[in-house]
Amino acid sequence: MKLIARIAAPSAALVLAGLTATACAPQTSDNSAKKDDKSGTLRVWLFQEVNNKPKEQVVDAAVAAFRKAHKGAEVEVEYIPVETRAQRIKAAFNDPKSAPDLIEYGNTDTAGYVKDGGLADVGEEFTAWDEAKDTDPTAKQSVTVDGKIYGAPLFVGVRALYYRTDVFKELGIAAPKTQDELIATAKKIHKAKPELYGLAVGGAYTYGAMPFIWAQGGELAQESGGSYKAAINSPAAQKGITAYTSLFGDDNCPAAKCASMGGNATVTAFASGKAAMAIGGDFSHQAVEAGAVKGRYAVVPLPGRETGSIAPAFAGGNNVGVLKSSSHRTLAVDLMKQFTGKETQRKLFDAMGFLPTYTDVRAAVAKKEPFVEPFVRTLGAGAKFVPASSGWGQIDASLVLPTMFQEIVSGKKDVAAASGDAAKKMDAAFAAAG
């Protein structure tokens, strides 16, 4: 989630929403390296941020520390566009001679890249790495496929509830404590102030909708014996879908305007003063601060079903992995640790606002920057992740869940029919993934 970090969300959205054109690609042949050179030049591909200079400075410091510890090793870093990364990385898997040694990748890409045969299993080195013991469990899950570890988490991102303190004060209402209160509050605000969306929602905002499904006890899919089966049509998931889609309509966020909105559009609506609430990430903070509502908003964890509970949030983020084809495996793993270690993650937070994946480092930055606190609480309450199947990339790229939401809010299908059809599409993708 976070190529995501400043307004950051342009990259974020691309990382989390557009993700994998690679997942349904044919698996590459074995491209494992036949040697492990302890000197030479390591090539690295990292993502180009909207404002890349602060990231470059942090990366340059990490490279300098690595070179100091590894005489005879050089590092060549290239910043690649997020939009074309799928094609470039897939091509690199198929052409080891031109491939980099390390790549940054969105965490929902992990399973697809593993299936494509591109990432090296670094589980032995990761497990023996002292710093790794403090890695957040959900972040560690994002680099894990079938019990093997294919990289190290670089940062994590989650979403919480942004709300307008001035509007809430004027109407004499408090931040909602349950999901039902959230829905009722959104409609109350819109009734009192028709010019505002009570809660900005989007039919194409998959990662904003997931907490509603999870809060009701629903799941996207269930894993058994290494394979996945859709659970989006279960009774619990349907309750969550019903809750989320109830927010589309003339009493909160009109379907004609909101059905096509994604995460960026909902945050933009809030930042520009057109919504009283929005579900935004820690990576949305800078965009909101730069908007019309600066100084007139607060953030709390998105409430769950029970009073005082926190709805499970999707744990987005990026990872750094070593390519199986790297002829500098030992050096590449050491550089991976340098890029994703605690010191670099502290600096990335200071420079870009990226949330650290280490629980101790995250607690420290939360004390330094109060805006981080509700996101840290959300992570602590138990964030969730998408199915660790390369089929998820096809599901995401095919817009299966946005289509489901849009069919419901447009009135074309009821929740049972739409979720049933979505489950069939998901099962087909999981089956094709093997």
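Before moving on, here are some points about what is shown:
- Filtered by the rule that a residue be without any contact (Cβ under 8 Å) to a residue 40 or more places away in the chain, closer than 19 Å to F354 by Cβ and touching a strand residue (DSSP E or B) at 6+ places or on another chain (Cβ under 9 Å), segment 108-139 gives a lone residue, A132.
- Residue ID - farthest from R362 (Cα to Cα), chosen from residues in segment 327-347 that are small (G, A, S) and either assigned to a helix (DSSP H, G or I) or more than 25 Å from the chain's Cα centre (by Cα) (or both): S327
- Any hit, segment 349-360, residues being of a type in the set (A, V, I, L, M, F, W, C), at negative phi, open to solvent by less than 10 Å² (accessible area, probe 1.4 Å) and in a strand (DSSP E or B): yes
- Pairs with Cβ under 6 Å, 6+ apart, first in segment 368-388 and touching a residue at least 40 places away in the same chain (Cβ under 8 Å) and within 12 Å of L302 (Cα to Cα), second assigned to a loop (DSSP other than H, G, I, E, B) and of a type in the set (G, A, S): T378/A313; A383/A313; A383/A315
- Test: residue in segment 90-107 that is open to solvent by 10 Å² or more (accessible area, probe 1.4 Å), within 21 Å of T357 (Cα to Cα) and among the β-branched types (V, I, T): no
- Residue within segment 157-169 that is in contact (Cβ under 8 Å) with a residue 60 or more places away in the chain, under 27 Å from G280 (Cβ atoms) and among the small types (G, A, S) present: yes
- Enumeration of residues in segment 295-333 that are open to solvent by 50 Å² or more (accessible area, probe 1.4 Å) and modelled with pLDDT of 95 or more: G295, R296, R305, E306, T307, K324, R329, T330
- A221 being of a type in the set (A, V, I, L, M, F, W, C), closer than 22 Å to W392 by Cα and surrounded by 20 or more Cβ atoms within 10 Å (Cβ to Cβ): yes
- Residue match in segment 275-292 (condition: open to solvent by 20 Å² or more (accessible area, probe 1.4 Å) and closer than 30 Å to D427 by Cα): no
- Single match in I189, I213 (criterion: modelled with pLDDT of 95 or more and within 30 Å of A431 (Cα to Cα)): I213
The values are calculated or read from the model by the stated rules, or taken from the named source; none is laboratory data. Bear in mind the structure is a predicted one, so any value in this text is a computation, not a measurement. When we count neighbours, we look across all protein chains shown, and the Cβ atoms used for this are built from the backbone with ideal geometry, even at glycine. We work out accessible area using only protein heavy atoms, side chains counted, and drop any ligands, DNA or RNA first. Shrake-Rupley method; radii C 1.70, N 1.55, O 1.52, S 1.80 Å.
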